[in-house]
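Working notes, structure below.
The values are calculated or read from the model by the stated rules, or taken from the named source; none is laboratory data. Treat the numbers as computed from the prediction; the structure is a model and nothing was measured. Backbone-built Cβ (ideal geometry, glycine too); neighbour counts: all protein chains shown.
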Amino acid sequence: MTNLFVLQLLNGVQLGVLLFLISAGLTLVFGIMDVINLAHGVLYMVGAYLIATFAAATGSFWWGLLLTLPAAVVVGLVIEAVVMRRLYARSHLDQVLATFGLVMMANEAVKMIWGTSPLSVPMPEILSGSVPLMGPLKYPVYRIAIIVAGLAVALGLFVMVNYTRVGMLLRAGASNRDTVSALGVDINRLFAIVFTLGATLACLAGALVAPILSVDTGMGESVLILTFVVVVIGGIGSIKGAFLGALLVAVVDTVGGVFGPILLRSVLDPSAAGQAGRVLAPMLVYILMAVILFARPAGLFGKTA
Amino acid sequence: MTDMTDATRVTAAATRPALSGRVKAALTLFVLFALMPPLASALNDPFYVLIGTRILAYAIAALALDLILGFGAMVSFGHAAYLGLGTYAVAILSGFGINDLLVQILAATAMSAVFAAVTGAISLRTRGVYFIMITLAFGQMAFFFFISLSAYGGDDGVALASRSTLLGMEVLKTDFGLYYTTLVMLIGLFFLCHRITKSRFGRVLTGIRENPTRMEAIGFAPFRYQLTAFVISGCITAMAGVVLANQAQFVSPAFMSWHKSGELIVMVVLGGPGTLAGPIAGAVAALLLEEWLGALSEHWKLFFGLFLVLMVLFSPNGITGLLKKLGFGEKQK
């Protein structure tokens, strides 16, 4: 039982780290630009497809990753310049519609380019296999690598946001856009940087997860909604909130999915518990969100409106 | 509910002699809808009647969404959940041998009212981007609930053995019967929504849309009005779901996917939010565009998405703005 718990906890942390990479960009885009971007999940999907292509072409995961990152920056810059830039001053409804259109286009384009059958990405040789943790418990090296890489990026973001000039502008932009602009900062350039940074992080998350998932067109969608939950729970514009929110959501989702039914079995008879558990497990995250919002409408670290 | 009795009195006092342009537009649409099935059978293509029923059902849903999106500025991105609740009300009741349309509508409305009241109460504590994302998340919650509900086929859904009856009569058995029943529902619901928006309640709702602080200052609690509108809208959307279950004779979580919620918003915006007749036309336009693009290419979603992006980028006020620019449509204050 303890082993299972530790295993699920680690899986939860691994998912949480990925969710954080995706949410960080989204929360900044929301917080600084006040733009709702439904196409953020698409970027995660594109990251996975890019690494699948580059890894297949070069025969190496590492070259694939190295090529995916600049490609992600290009994708981010292009989407920002062609579509997002024209949406900043528009209503949320317009932003919803345009980015919803982008989602439809991107999903269909991916199907046309890569086909409908899922792709797989080979795991790098050096990170395959698993390590013993405690007792008979083993854990895949690759998942540990994801956790380490994600935490490293989180640390890098933390340093950037808190100790660099760009970070200072980001924080200032998130709390008061107009004043930043009035003080002579080129707000359009700042927006482009923020969006491209977010897009690159989402692509990176997709690339990192590609070897342990099948890469298909639906992958961006489920993640998008979870990311929204993370951003709402953490508070819009807060990187710290996104980090804690991502870990909370992911751990509740994975651990709750396994232990919810086990807990229910102690109060209900097994068949009823099984049924109830299966139905309740996927809803746990949303119930968590509802409870947190009920107590704190602006999220854990959000500005109170 | 003393508000409502007041409301009827106010409307009665404010009865205007002539029909407004929007009601005229809606009546024109209804006449066209009524003429469609005979035309389809004259063209020897009765399949159009079934497509037409689908369009009418979505028109009901778009009308319902307009009530909160257009008149209350609440962009709900989870309205597909109510469509789905309507379809599942049909499936669940038929499991108990109950097939009457009125009972199904009653059950669908009751389920939706509870779901809308609970999720609406939480979502309405927030606004703007938060509201959009939270309604989307609750919509997905309902979606996952029905996916894991193995008693009703889970992900695969469940086929319905027969169409509903109406007071024991098999009116809906033929495609014509279903079509005209749906049309009657749409007309009735349009006038209901029209009355609601013209009532005191509707005026308060519009006032809150324009300036919530001022409305609160003169003594209206926005939350109560918004939540009531949210619940009404959810209930009407569920009725559209009941029709869709009959039209497809099949129920699955696909009706609840967030893409459906997005399409409903597209219909409302395409037709012009806050006009009631507009979203009905928007539903027709969006679904016909889908059918047409679908016939042209299997990759129709690419073009539909492109259409949405271009529409937003190049027509700042949506299709209504475009029409206004070209000299059509009513002037808004």
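Results, tabulated for the structure shown:
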item: Test result for residue B:112, buried (at least 20 other Cβ atoms within 10 Å of the Cβ), over 16 Å from residue A:283 (Cα atoms) and either free of Cβ contacts under 8 Å to residues at least 60 places away in the same chain or at the interface with chain A (Cβ under 9 Å from one of its Cβ atoms) (or both); result: no
item: Residues within the range B:251-309 that are within 8 Å of chain A (Cβ to nearest Cβ) and β-branched (Val, Ile, Thr), tallied; result: 4
item: Residue list for the range B:139-158, filter: under 24 Å from residue B:263 (Cα atoms) and away from chain A (no Cβ under 11 Å); result: B:155, B:156, B:157, B:158
item: Residue match in the range A:274-287 (condition: in contact (Cβ under 8 Å) with a residue 60 or more places away in the chain and closer than 26 Å to residue A:146 by Cα); result: no
item: Checklist (1) at pLDDT 85 or above; (2) among the hydroxyl-bearing types (Ser, Thr, Tyr); (3) out of contact with any Asp or Glu (no Cβ under 9 Å at 6 or more places or on another chain) applied to residue A:222, failing item; result: (1)
item: Verdict on residue A:98 being aliphatic (A, V, I, L, M), buried (at least 20 other Cβ atoms within 10 Å of the Cβ) and within 14 Å of chain B (Cβ to nearest Cβ); result: yes
item: All helices (runs of 4 or more DSSP H) inside the range B:199-266 with 1 or more residues being at pLDDT 95 or above; result: B:222-248
item: Residues of the range A:14-62 satisfying the condition of being out of contact with any helix residue (DSSP H, G or I) (no Cβ under 7 Å at 6 or more places or on another chain) and part of a helix (DSSP H, G or I); result: A:53, A:56, A:57, A:62
item: Verdict on residue A:75 being away from chain B (no Cβ under 14 Å), of a type in the set (Val, Ile, Thr), under 30 Å from residue B:129 (Cβ atoms) and part of a helix (DSSP H, G or I); result: yes
item: Verdict on residue A:112 being among the hydrophobic types (A, V, I, L, M, F, W, C), in a helix (DSSP H, G or I), within 29 Å of residue B:307 (Cα to Cα) and in contact with a Lys or Arg (Cβ under 7 Å, 6 or more places away or on another chain); result: no
item: Any hit, the range A:243-256, residues being in a helix (DSSP H, G or I), aromatic (Phe, Trp, Tyr), surrounded by 19 or more Cβ atoms within 10 Å (Cβ to Cβ) and more than 12 Å from chain B (Cβ to nearest Cβ); result: yes
item: Selection count, the range A:139-173, where residues are in contact with a Ser or Thr (Cβ under 8 Å, 6 or more places away or on another chain) and assigned to a helix (DSSP H, G or I); result: 3
item: Residue ID - farthest from the other protein chains (Cβ to nearest Cβ), chosen from residues in the range B:125-138 that are among the hydrophobic types (A, V, I, L, M, F, W, C) and closer than 15 Å to residue B:79 by Cβ; result: B:131
item: Cross-chain or 6+ apart pairs with Cβ under 7 Å, the range A:177-192 first and in a loop (DSSP other than H, G, I, E, B), then not aromatic (Phe, Trp, Tyr); result: A:185/A:169
item: Some residue of the range A:224-240 being away from chain B (no Cβ under 14 Å) and of a type in the set (S, T, N, Q); result: no
item: Qualifying positions in the range A:257-281 - in contact with a Ser or Thr (Cβ under 7 Å, 6 or more places away or on another chain) and either more than 8 Å from chain B (Cβ to nearest Cβ) or at pLDDT 80 or above (or both); result: none
item: From the options A:109, A:174, residue that is without any contact (Cβ under 8 Å) to a residue 24 or more places away in the chain, over 19 Å from the mean Cα position of the chain (by Cα) and crowded, with 16+ Cβ neighbours inside 10 Å; result: A:109
item: Condition met for residue A:134 (assigned to a helix (DSSP H, G or I) and either surrounded by fewer than 17 Cβ atoms within 10 Å (Cβ to Cβ) or modelled with pLDDT under 90 (or both)); result: no
item: Members of the range A:203-223 that are more than 19 Å from residue A:82 (Cα to Cα), away from every other protein chain (no Cβ under 14 Å) and in a helix (DSSP H, G or I); result: A:204, A:205, A:206, A:207, A:208, A:209, A:210, A:211, A:212, A:219
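Quick grid of which residues meet (1) more than 10 Å from chain B (Cβ to nearest Cβ); (2) among the hydrophobic types (A, V, I, L, M, F, W, C); (3) within 23 Å of residue B:301 (Cα to Cα):
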position: A:33; (1), (2), (3): yes, yes, no
position: A:42; (1), (2), (3): yes, yes, yes
position: A:50; (1), (2), (3): yes, yes, yes
position: A:60; (1), (2), (3): yes, no, no
position: A:66; (1), (2), (3): yes, yes, no
position: A:69; (1), (2), (3): yes, yes, no
position: A:89; (1), (2), (3): no, yes, no
position: A:102; (1), (2), (3): no, yes, yes
position: A:107; (1), (2), (3): no, no, yes
